[in-house]
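Comments concern the structure below.
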Amino acid sequence: MNSTIHSLHKAKDGRKLKVAAYARISYDKKELESSPENQIRHYTSLINGNHEWEFAGIYADDGISGSTVKKRNQFQLMLTKAFAGEIDIILVKSISRFARNLLDMLKVVQELRDSGVEVYFEKEGISTLDTKCDNYLTLYSKFAEEELISMGKNVSWSYQKRIRDGRFFINANQLFGYKFDKDRNIAIEECEAKYVRDIFMMYLAGRNTGEISDYLEENHVPTQTGLSRWSGQSIRQILRNEKYCGMVILQKTYTENALTQKRRSNDGKLDKVIIENALPPIVSKQVYLEAQERMKSLAEKYNLTGRNAYSHTNSYTAFGYFPYCRSPYFRKWNHGNEALYCSSNKERSRCKESESVFVKHLDEIIPLMVKKLLANESEFRKELLEAFGDESLMEKKERIDALTKEIDGQREKLLQYDGLSGDAFDAIKDCLRKSINELSDEKAVLENERLVEANPETRANEIIKELHRFPNTDKIGDYDFRKLFKRMIVINRDRLIFVVGSDNVENLPYNPQSINMRFIEIYRYKIRCSWFTCNFGIYINK
């Protein structure tokens, strides 16, 4: 056993323990040893130097906050493989590198311990298999947690002080209708400002956001980001933005706390700061307030309050996908009913008459799809394994073989100059050593990527596990179904295909007729006095 690692995990039946390492590398760390390549080299040497261990990969999240584990992709992949039995020991430099959130720390450690996986913290010399571990972890994690909270309070105090001092920044380049002049002062961009006024006037005249979008597109007005198409949401963002009447409201949202990093709408917890005449107005304050009143009135009329009011947090946003124009579907309210519409359905020649899909029907169709897959779990798993046979692993292997050959060639050249001295020979040898080190770093990274990438079995197991997490109900409720179904291909209203696997739409077939829909089920629904039938199934996207 390595003299500096006092692991309590003992190998059984003569088999080697599968050992991995986790590294979280912050961008503010300047030390050379913090680079991914050097950490991979360090841990690879450490693990391979122990005859009782088998190298199981280095998982590194670069520049990701340690306040929560949810946003660390490599960390989540490591846990998935550990729970699948592919890792016995996880080496971590320190507790703060693993998690600063005390609840996250204790929860993850307990789950790993229950699965027979040990976490060893090098700096503190603590093993999670030690009976005293939880006391140590609570103490150390509390210090790290308090440090994070203190940092958050300092940032919040600094922001509050800037507000009190009247210091704030408005990026005119991100505001449609404004620009920076030559002195970096905010000025009105009259070519765009004309259309801002038109948006407000048309809205107050009773036009809806779809009609306003049509008007802007017919006049070839690009959005602030240069897009030719205007969405209803982009129109509403302009209508809601108080800056267009020259006013700025600070602290409309706030960070809940340093641990969760969640932004919350400021409904009175903090004092909002209103600054009048902060920039030149494009519309009058009266026009702006009348627009807010109409939006509020429409929201109350169609019951679009709270979370349902054009919320981008809803799982159905951009869930649908129309293969003919390769555009996403967005939520829209129509006479009190929520439906999904293709974002390009105004261009009929491009969109080929895409059809809307009612959310209330999807709330019942998705649980039916889950039940169909559960009833055919064995066959579903088999098809997942076949689909996830990864060609990229072979490509990496071919590149690794090529690098090995190139490194061997460089080393042979270096041997030829062994024993020769002089400035010219020394320069050649330095150049060869540098090249060998660079090639070796690339090879180490690729070898680690091959090792830590989720293999077909791991990917299939994770999807099956998510399938079993789905609540046994007839409606979705609050469950986040997009953990299981990444997208929904809308052939038409009566033919829906749910995508499992990757959410990359570039991987989807261009010809929807070539999509092999599997595990087909039928849903009957009624619109007015007529009954319709919807056929739906899944497509496994690599």
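Structure notes:
- Region 399-422, subset of a type in the set (D, E, K, R) and closer than 18 Å to Lys434 by Cα, residue surrounded by the most Cβ atoms within 10 Å (Cβ to Cβ): Glu406
- Among the residues here, Ser354 does not qualify as under 25 Å from the mean Cα position of the chain (by Cα), modelled with pLDDT under 90 and either over 30 Å from Arg493 (Cβ atoms) or part of a loop (DSSP other than H, G, I, E, B) (or both).
- Verdict on Ala402 being out of contact with any helix residue (DSSP H, G or I) (no Cβ under 7 Å at 6 or more places or on another chain), of a type in the set (Gly, Ala, Ser), without any contact (Cβ under 8 Å) to a residue 60 or more places away in the chain and over 19 Å from Ser440 (Cα atoms): no
- Residue within region 142-161 that is farther than 30 Å from Phe83 by Cα, over 31 Å from the mean Cα position of the chain (by Cα) and modelled with pLDDT under 90 present: yes
Per-residue answers, yes or no, for (1) of a type in the set (A, V, I, L, M, F, W, C); (2) more than 29 Å from Asp61 (Cβ to Cβ):
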{"position": "Ser435", "(1), (2)": "no, yes"}
{"position": "Leu451", "(1), (2)": "yes, no"}
{"position": "Arg469", "(1), (2)": "no, no"}
{"position": "Asn472", "(1), (2)": "no, yes"}
{"position": "Asp480", "(1), (2)": "no, no"}
{"position": "Arg487", "(1), (2)": "no, no"}
{"position": "Arg493", "(1), (2)": "no, yes"}
{"position": "Ile538", "(1), (2)": "yes, yes"}
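- Residue satisfying all of: in region 118-133; surrounded by 15 or more Cβ atoms within 10 Å (Cβ to Cβ) and not in a strand (DSSP E or B); modelled with the lowest pLDDT among these: Cys133
- Note on region 463-494: among residues that are without any contact (Cβ under 8 Å) to a residue 24 or more places away in the chain and assigned to a helix (DSSP H, G or I), the one that is nearest to Ser354 (Cα to Cα) is Lys483.
- Residue check, Asn337 surrounded by 17 or more Cβ atoms within 10 Å (Cβ to Cβ), in the same structural domain as Arg518 (by TED's automatic domain parsing) and modelled with pLDDT under 75: no
- In region 238-279, of all residues being surrounded by 14 or more Cβ atoms within 10 Å (Cβ to Cβ), hydroxyl-bearing (Ser, Thr, Tyr) and farther than 30 Å from Ser213 by Cβ, the one that is modelled with the lowest pLDDT corresponds to Tyr254.
- Odd one out for Leu204, checked against (1) in contact (Cβ under 8 Å) with a residue 60 or more places away in the chain; (2) of a type outside the set (Lys, Arg); (3) under 19 Å from Trp333 (Cβ atoms): (3)
- Test for Phe380: is it over 24 Å from Ile522 (Cα atoms), in contact (Cβ under 8 Å) with a residue 12 or more places away in the chain, touching a helix residue (DSSP H, G or I) at 6+ places or on another chain (Cβ under 6 Å) and surrounded by 14 or more Cβ atoms within 10 Å (Cβ to Cβ): no
- So Arg469, is it among the charged types (D, E, K, R), in contact with a Leu (Cβ under 9 Å, 6 or more places away or on another chain) and modelled with pLDDT under 90: yes
- Taking the criterion of being at pLDDT 90 or above and under 23 Å from Arg381 (Cβ atoms), the residues of region 489-516 that qualify are Ile489, Leu496, Ile497, Phe498, Val499, Val500.
- Out of Ala444, Ala424, Ala460, sole residue that is assigned to a helix (DSSP H, G or I), of a type in the set (A, V, I, L, M) and modelled with pLDDT of 85 or more: Ala460
- Residue check, Lys396 within 30 Å of Ser435 (Cα to Cα) and surrounded by 13 or more Cβ atoms within 10 Å (Cβ to Cβ): yes
- Checking each residue in region 501-542 for being hydroxyl-bearing (Ser, Thr, Tyr), outside any strand (DSSP E or B) and free of Cβ contacts under 8 Å to residues at least 24 places away in the same chain picks out only Ser514.
The values are calculated or read from the model by the stated rules, or taken from the named source; none is laboratory data. For clarity, every value in this text was computed on a predicted model and none was experimentally measured. All Cβ positions, glycine included, derive from the backbone under ideal geometry; neighbour counts span all protein chains shown.
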